[in-house]
Protein chains: 2
Amino acid sequence: MLNFDYKNPTRIVFGKGQVTNLGSIIKENRGTRVLLHFGGGSIKKNGVYDAVKKSLVKAKLEVFELGGVQPNPRLSLVRQGIKLVRDKKIDFILAVGGGSVIDSAKGIGVGVPYSGDVWDFYIDKAKPSVSLPVGTVLTLPAAGSESSFSSVLTNDDGHFKRFLDNDLIYPVFSILDPAYTFSLPPYQTACGASDMLVHVTERYFTRTQNVELIDRLSESVIKTIIHNAPIALADPKNYEARAQIMWSGAIAHNNLLSTGRVGDWSSHMIEHELSAINDVAHGAGLAVLVPNWMKYVYKQDVKRFVQFAVRVFGVDNNFFNPEETALKGIAALRNFFTSIGMPSTLSAIGIKEAQFQGIAKKTKKFDPKKETVGNFQPLAPKDIVEILKLAK
Amino acid sequence: MLNFDYKNPTRIVFGKGQVTNLGSIIKENRGTRVLLHFGGGSIKKNGVYDAVKKSLVKAKLEVFELGGVQPNPRLSLVRQGIKLVRDKKIDFILAVGGGSVIDSAKGIGVGVPYSGDVWDFYIDKAKPSVSLPVGTVLTLPAAGSESSFSSVLTNDDGHFKRFLDNDLIYPVFSILDPAYTFSLPPYQTACGASDMLVHVTERYFTRTQNVELIDRLSESVIKTIIHNAPIALADPKNYEARAQIMWSGAIAHNNLLSTGRVGDWSSHMIEHELSAINDVAHGAGLAVLVPNWMKYVYKQDVKRFVQFAVRVFGVDNNFFNPEETALKGIAALRNFFTSIGMPSTLSAIGIKEAQFQGIAKKTKKFDPKKETVGNFQPLAPKDIVEILKLAK
């Protein structure tokens, strides 16, 4: 187990009807002039927008709106938001939506007090030193951005998707009402479940030894997602299943499961390049990649893959052939993704073999001095191409 | 699953050598004049005191000392600490020790800015509105006070042990160095493991339905404790086992495992009265009580006890006789406590049958309007006497 320094300051306000407390919570956080940031307008159809507005108005907050956040949120809209916040002297940013809206809000939060271009933070050209407070009302459990210190933006010009990790961008609060997810289409529900599940596997598959507690906690989150996603798909208004998924999605990515270990994150890095090419849903791209990444790297630590297979999927352990057990676990994960409607090949998400070299080259390294991505097995571009071939 | 509002603001600084950062962390928290609060002096023997002092001196902090905290920390010393802090204009309280020292420090923290007697907060006569910041260097993983909002004090006069739960008393940081627990005697190590394990069972045994995620997380923590406590007992300087136990103890009581459910806490309430009588170690008292509490209440929800038996102890489920499975799980917990050297009877910890009525009467109710304690099965004084009889 490695040393760590962990704190998650986000307040989680969870459950049915909690949005009625929204206005007063923003006031507790000294917000007076609020940017209401949202996406394509689904919140206007499902009643969330009205409920949010009602609570803000009741608390006598001044509200300014900026909608139109797309999946894989665009840098251009963040820049537009920064300008609006400065012009209107807005002091609190409220994201109502999923990870894209929240990530966009976080970009605006750090961009406003910065004299340079906000993209600097995403290409490691500068580090933020302060942020406007961001609160969220989550409508799509997936990215975990509601209690994470991460934001991912896409630069419209170059099809580059880049991330910022910084303690300053933890939301000050997030309201999680499972009923707000009843109207999610099946595909988005499944993509969300895949995304949060992979947030856990990225941390779980580590070369750090003696990490029993977090291993077990991680398996718990994965099992809960695997159990409840099919229930929510079959019965979209099942509050209890939606609640388990929603709380799992936050815990999957609030960094508790990172404590004391080195994560991998190569699948995320590769997937960001898939999404940047043609707006593949992040969870769908991950569902294609991860089982193939596993097949490519499992020999680095077969025992860890055996543990995963036995504990998460209840695979009957072949004690005399651990590789068989490990591979059965990987197959079980593939089957789970397929069972909830996730694609299993790159061709199914419109990625062609001719693009593999380009994706491999563009995939961002964690450490600019390194030629590889990921930690469980550091991947050179040629390894990425091999994984993409397995996934084609 | 119930609605909840959760935030844990305590920063956990975990691992070998982290105390070297202590002084600078206190300065980040604007401490300049520090009360160094500790217990009976074991920290002077095992090097912790010297390491702490070195870091404080290096950061040029002014240090005032108050040692002498006993197990089941006394109100009188808290009052003395409050006076010292006021006299010396101390602005930061540093607890170096286990739960007793931390609880005592929290009492001082809320007592200093209050014009009345600090005991008011523990007998529900008043609520704190502000606290001095408290930081901790943990040396005994058990009570979970290092990242909890609880403090338990004992009134010297009347043998009353009472608790305060309040968001204001989360420590601002806690340094958890597993190497600091190498010198713990076996009995304290085992009492600590028992205490933290029961912090989880008090939350786990709930009548709230649809709480799968937190059930699974709770089972993970319990399994980790059960696996690692015997390792630490056999090999006290096993860093990795000590680390798993230490992080488990914090997570067991940081309230993550309370989210969305109603806990029970009757065993804690009853045990507080045992400790108040003759300074029984809290973990030992709990190890005596909890299996007997379980035997008395399990019929309220046999399925939950079956889940506990199967998932935590791997009991072979008798699908046709769930009660048998449930009872095997309770017996397995009893065996675990016994295996790590915990007592199994009240007579072994010096509590006599003649005292049962008095203990039952004194046991604090959560709700003063109620005649019962606990939630899984609300216990009247006569029920408490029956549980004590099972435990005699």
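The values are calculated or read from the model by the stated rules, or taken from the named source; none is laboratory data. Just so we're clear, the structure is a prediction, and the values are computed from it rather than from any experiment. Positions of Cβ are generated from backbone atoms using ideal geometry, with glycine treated the same way; all protein chains shown enter the neighbour counts.
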Failed item, numbered, when A:PHE320 is tested on (1) touching a helix residue (DSSP H, G or I) at 6+ places or on another chain (Cβ under 9 Å); (2) assigned to a loop (DSSP other than H, G, I, E, B): (1)
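Tell me the residue from A:LEU379, A:LEU346 that is farther than 12 Å from A:GLU273 by Cβ, among the aliphatic types (A, V, I, L, M) and crowded, with 18+ Cβ neighbours inside 10 Å, please.
A:LEU379
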Among the candidates B:LEU176, B:LEU197, residue that is buried (at least 24 other Cβ atoms within 10 Å of the Cβ), touching a residue at least 40 places away in the same chain (Cβ under 8 Å) and outside the structural domain of B:GLY97 (by TED's automatic domain parsing): B:LEU197
Some residue of region A:234-255 being in contact with a strand residue (DSSP E or B) (Cβ under 6 Å, 6 or more places away or on another chain), in the same structural domain as A:PHE376 (by TED's automatic domain parsing) and among the small types (Gly, Ala, Ser): no
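Would a scan of region B:22-42 turn up a residue that is modelled with pLDDT under 95 and in contact with a strand residue (DSSP E or B) (Cβ under 6 Å, 6 or more places away or on another chain)?
Start the filter on region B:22-42 by keeping residues that are modelled with pLDDT under 95, which leaves B:40-42.
Filter once more, keeping what is in contact with a strand residue (DSSP E or B) (Cβ under 6 Å, 6 or more places away or on another chain): none.
The answer is no; no qualifying residue exists.
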Residues that are within 12 Å of chain A (Cβ to nearest Cβ) and in a strand (DSSP E or B), drawn from region B:1-34: B:PHE4, B:ASP5, B:TYR6, B:LYS7, B:ASN8, B:PRO9, B:THR10, B:ARG11, B:ILE12, B:VAL13, B:PHE14
Qualifying positions in region A:1-38 - among the basic types (Lys, Arg), more than 22 Å from the chain's Cα centre (by Cα) and more than 22 Å from A:THR181 (Cβ to Cβ): A:LYS27, A:ARG30, A:ARG33
The listed residue being surrounded by fewer than 24 Cβ atoms within 10 Å (Cβ to Cβ), more than 10 Å from chain A (Cβ to nearest Cβ) and either within 15 Å of the chain's Cα centre (by Cα) or not aliphatic (A, V, I, L, M) (or both), out of B:PRO171, B:PRO230: B:PRO230
Qualifying residue in region A:349-365 (condition: under 27 Å from A:ARG216 (Cα atoms) and in the same structural domain as A:THR224 (by TED's automatic domain parsing)): no
Residue that is farthest from the other protein chains (Cβ to nearest Cβ), among those in region B:265-282 that are of a type in the set (S, T, N, Q) and either farther than 30 Å from A:ALA243 by Cα or surrounded by fewer than 24 Cβ atoms within 10 Å (Cβ to Cβ) (or both): B:ASN278
Filter result (without any contact (Cβ under 8 Å) to a residue 24 or more places away in the chain and small (Gly, Ala, Ser)) within region A:200-247: A:SER220, A:ALA234, A:ALA241
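Please tell me if B:GLU324 is farther than 16 Å from B:ASP215 by Cα, without any contact (Cβ under 8 Å) to a residue 12 or more places away in the chain and not aromatic (Phe, Trp, Tyr).
On the way: farther than 16 Å from B:ASP215 by Cα: yes; without any contact (Cβ under 8 Å) to a residue 12 or more places away in the chain: yes; not aromatic (Phe, Trp, Tyr): yes.
Against the criterion (farther than 16 Å from B:ASP215 by Cα, without any contact (Cβ under 8 Å) to a residue 12 or more places away in the chain and not aromatic (Phe, Trp, Tyr)), B:GLU324 qualifies.
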Considering residues of region A:200-213 that are part of a helix (DSSP H, G or I) and at the interface with another protein chain (Cβ under 8 Å from one of its Cβ atoms) only, the residue surrounded by the most Cβ atoms within 10 Å (Cβ to Cβ): A:LEU213
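Restricting region B:76-117 to residues that are touching a Phe, Trp or Tyr at 6+ places or on another chain (Cβ under 7 Å) and in a helix (DSSP H, G or I), which is surrounded by the most Cβ atoms within 10 Å (Cβ to Cβ)?
Initially, region B:76-117 is screened for residues touching a Phe, Trp or Tyr at 6+ places or on another chain (Cβ under 7 Å), giving B:84, B:88, B:90, B:96-97, B:101, B:110.
From what is left, the residues that are in a helix (DSSP H, G or I) are B:84, B:88, B:101, B:110.
Numbers: B:LEU84: 17, B:LYS88: 12, B:VAL101: 31, B:VAL110: 27.
Selected residue: B:VAL101.
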Looking only at region A:43-74, and only at residues there that are outside any loop (DSSP other than H, G, I, E, B) and touching a Gly at 6+ places or on another chain (Cβ under 8 Å), the one that is farthest from A:GLU273 (Cα to Cα): A:LYS58
Count of region B:239-264 residues which are assigned to a loop (DSSP other than H, G, I, E, B) and at the interface with chain A (Cβ under 8 Å from one of its Cβ atoms): 2
